[in-house]
1. Anything in the stretch A:97-111 that is out of contact with any Asp or Glu (no Cβ under 6 Å at 6 or more places or on another chain) and either in a strand (DSSP E or B) or surrounded by fewer than 20 Cβ atoms within 10 Å (Cβ to Cβ) (or both)? List them, or say none.
2. Looking only at the stretch A:84-96, filter to residues that are assigned to a loop (DSSP other than H, G, I, E, B) and either touching a strand residue (DSSP E or B) at 6+ places or on another chain (Cβ under 7 Å) or β-branched (Val, Ile, Thr) (or both); which one of those is farthest from B:Gly104 (Cα to Cα)?
3. Give the residues of the stretch B:1-15 that are facing chain A (nearest Cβ under 10 Å), farther than 17 Å from A:Ser61 by Cα and not aliphatic (A, V, I, L, M), sorted by residue number.
4. Against the conditions (1) open to solvent by less than 70 Å² (accessible area, probe 1.4 Å); (2) within 26 Å of B:Gln87 (Cβ to Cβ), where does A:Lys67 fall short? Just the number, please.
5. Of all residues in the stretch A:112-137, which are open to solvent by 30 Å² or more (accessible area, probe 1.4 Å) and assigned to a strand (DSSP E or B)?
6. Can you name the residue in the stretch A:98-132 that is farther than 25 Å from B:Thr50 by Cβ and touching a Phe, Trp or Tyr at 6+ places or on another chain (Cβ under 8 Å) and, of all such residues, is farthest from the other protein chains (Cβ to nearest Cβ)?
Protein chains: 2
Amino acid sequence: MATDKKIEEGLEFVPKFDSNGLITAIAQDAETNQVLMVAYMNREALELTTKTKNAVYFSRSRRKLWKKGEQSGHIQKVEQILVDCDQDCLVLKVRVDQGQCHVGYQSCFYRALKNGSDKEMELIAEKVYDPKETYTK
Amino acid sequence: MATDKKIEEGLEFVPKFDSNGLITAIAQDAETNQVLMVAYMNREALELTTKTKNAVYFSRSRRKLWKKGEQSGHIQKVEQILVDCDQDCLVLKVRVDQGQCHVGYQSCFYRALKNGSDKEMELIAEKVYDPKETYTK
């Protein structure tokens, strides 16, 4: 098989990390299919995730491994890892408790562009916990 | 409001493009909530998307605007655009016909890591169209 075809049609997992050594990972609620957040993994984070079945990311701002929920308690139990055609993006099907976003919402996607506007958003969710209480513990 | 708080809690849309001028965009089936694909937009692609309500991306490999479906016919009618907490990622809720992935599947995520493996994948979908027929027209 040609390389492209092997990557697209093959069943060998060869994740394509970008020039920073990262791959995009989308966390999707395994039950509701809601997209919860988008983060990044380096090779080590991916290995830890497949091994422990708890989502581990790489924080680009803090430049270190980020065990999701380590501080907040809002861990992600990984049920399944999906891979896209060119193997440069992952979808993690996860089981979660309430509140995956550090702002206080269930999902990081709690706003939408207002219909017809390209500047104004509207809230499409309500907060499910108080981040002040969670993050000052 | 401090800048971070404004970005996270505000209702003004100020998309954060990366150093290449791109923002990550996830296309999610508005009906089934299946994640269909992940692509990138520059400012122009985003403007065209909000204006025409058909998804327009920026192809990183071809270095040009990519009107989804232009060649294949598999367009994406955009119903809603969700924005994440730090405004560096979008979810497009889209209405689509059959076959969003150029390999022939409905979604680009047609494979999953086998349970317990970090090397071997399994197919989790069947092809819904023949890309050979679509792309040689």
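The values are calculated or read from the model by the stated rules, or taken from the named source; none is laboratory data. All values reported here derive from a predicted model rather than from experimental measurement. Counting neighbours? That spans all protein chains shown, and the Cβs are built from the backbone with ideal geometry, glycine included. These accessible areas exclude ligands, DNA and RNA; they are computed on the full protein's heavy atoms, side chains included. Shrake-Rupley method; radii C 1.70, N 1.55, O 1.52, S 1.80 Å.
1. If we filter the stretch A:97-111 for residues that are out of contact with any Asp or Glu (no Cβ under 6 Å at 6 or more places or on another chain), which is where we start, we get A:97-102, A:104-107, A:110-111.
Within the stretch A:97-111, A:Asp97, A:Gln98, A:His102, A:Arg111 meet the criteria.
2. Taking the stretch A:84-96 as the starting set, the residues that turn out to be assigned to a loop (DSSP other than H, G, I, E, B) are A:84-88.
Checking which are either touching a strand residue (DSSP E or B) at 6+ places or on another chain (Cβ under 7 Å) or β-branched (Val, Ile, Thr) (or both) leaves us with A:84, A:88.
On the way: A:Asp84: 12, A:Asp88: 18 Å.
That would be A:Asp88.
3. B:Glu9, B:Gly10, B:Glu12, B:Phe13, B:Pro15 - these are the residues of the stretch B:1-15 that are facing chain A (nearest Cβ under 10 Å), farther than 17 Å from A:Ser61 by Cα and not aliphatic (A, V, I, L, M).
4. (1)
5. Across the stretch A:112-137, the qualifying residues are A:Glu120, A:Glu122, A:Leu123.
6. Step one: list which residues in the stretch A:98-132 are farther than 25 Å from B:Thr50 by Cβ, which gives A:98-100, A:102, A:104, A:106, A:126-132.
Imposing the further condition that a residue be touching a Phe, Trp or Tyr at 6+ places or on another chain (Cβ under 8 Å) reduces the set to A:98-99, A:102, A:104, A:126-128.
Numbers: A:Gln98: 16, A:Gly99: 12, A:His102: 7, A:Gly104: 10, A:Glu126: 13, A:Lys127: 10, A:Val128: 14 Å.
Filtering first and then ranking leaves A:Gln98.
Residue-wise test of (1) hydrophobic (A, V, I, L, M, F, W, C); (2) surrounded by 16 or more Cβ atoms within 10 Å (Cβ to Cβ); (3) under 19 Å from B:Ile124 (Cβ atoms); (4) out of contact with any Lys or Arg (no Cβ under 9 Å at 6 or more places or on another chain).
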{"position": "A:Ile7", "(1), (2), (3), (4)": "yes, yes, yes, no"}
{"position": "A:Leu22", "(1), (2), (3), (4)": "yes, yes, no, no"}
{"position": "A:Asp29", "(1), (2), (3), (4)": "no, yes, yes, no"}
{"position": "A:Thr32", "(1), (2), (3), (4)": "no, no, yes, yes"}
{"position": "A:Ala39", "(1), (2), (3), (4)": "yes, yes, no, no"}
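Residue-wise test of (1) out of contact with any Pro (no Cβ under 9 Å at 6 or more places or on another chain); (2) closer than 25 Å to B:Ala39 by Cβ; (3) not small (Gly, Ala, Ser).
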residue	(1), (2), (3)
A:Arg62	yes, no, yes
A:Ile81	yes, yes, yes
A:Leu92	yes, yes, yes
A:Ser107	yes, yes, no
A:Ser117	yes, yes, no
A:Glu120	yes, yes, yes
